[in-house]
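Reading through the structure tokens given below for one structure.
Coordinate-derived values only; no laboratory data. The model shown is predicted, which means the values in this text are computed figures rather than measured ones. Positions of Cβ are backbone-derived with ideal geometry, glycine not excepted, and every protein chain shown enters the neighbour counts.
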Amino acid sequence: MLIPITGERTAIPRIVVAGTHSGVGKTTVATALMAAFTRRGLRVQAFKIGPDFIDPGFHRAATGRPSHNLDGWMLSRAANEEIYARAVGDADLVIVEGVMGLFDGESGTKETGSSAEMAKWLDAPVLLVVDAAAMARSGAAMVHGYATFDPKLDLGGVIFNRVNGAGHYRYLREAVEAAGEAEALGYLTSEDAIRLPERHLGLTLAQEVASPNFLSELVRWI
């Protein structure tokens, strides 16, 4: 029997951590948020969009709970909603990590399989991760595009990654807030200490890097 997202499950706060592109830092930001809220005593339920078995390992290291996969390309909306509803039972907060770029999915004209599609299915706001390493005011133009591309999508806020310090972030925040489409919520720096290593095909397993010290460093920056 399918379990719809209704009642108490609807009331559980939730966000989808999405990015402008692959490699932008979604896993770093999502894992940091999961670890930070878990260390504050909240029961955080994690999900990963797409058939990924690596990122859920980071989620579990951060939350102490299994992370579950959602997939709008291989599974129906009803099946995804059932997976979600069965997993969130006692959770205080749900954090869903997206896949690829926010609107990337089955094709160039459809949202099937995308993070945007899943966010709308779950009625969840999107936290957009933007790589700001080589931009300032241009970051606002990028955020404007993502905020207005799909009027049905709720872009709740922006986290800038690979920022070169507080001064750089101030430019980014002022530009985004002047544009008015989204709120800049914070940033991470380009420090190696909070960067998840990449390998051939991206196969870096959580148990290799997600030590308590590494998670503590992520939490410190969040």
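Stokes-Einstein D for segment 58-183 at 10 °C, 1.306 mPa s, Kirkwood Rh over Cα pairs, in µm²/s?
Numbers: Rh = 16.1 Å.
The Stokes-Einstein estimate is 99 µm²/s.
For a distance above 14 Å, tell me the whole-number percent of Cα pairs in segment 114-192 that qualify.
Working: 1775 of 3081 pairs.
Tail fraction, whole percent: 58.
Can you tell me the FRET efficiency between residue 90 and residue 110 if r is taken as the Cβ-Cβ distance and R0 is 35 Å, rounded to the nearest 0.05?
Numbers: r = 35 Å, r/R0 = 1.01.
Computed FRET efficiency for residue 90 and residue 110: 0.50.
A straight chain from residue 152 to residue 183 at 0.36 nm per residue would run longer than the Cα-Cα distance by 9.4 nm. The C-alpha atoms of segment 1-124 occupy a region whose extents along the principal axes are 42, 36, 21 Å, arranged from largest to smallest.
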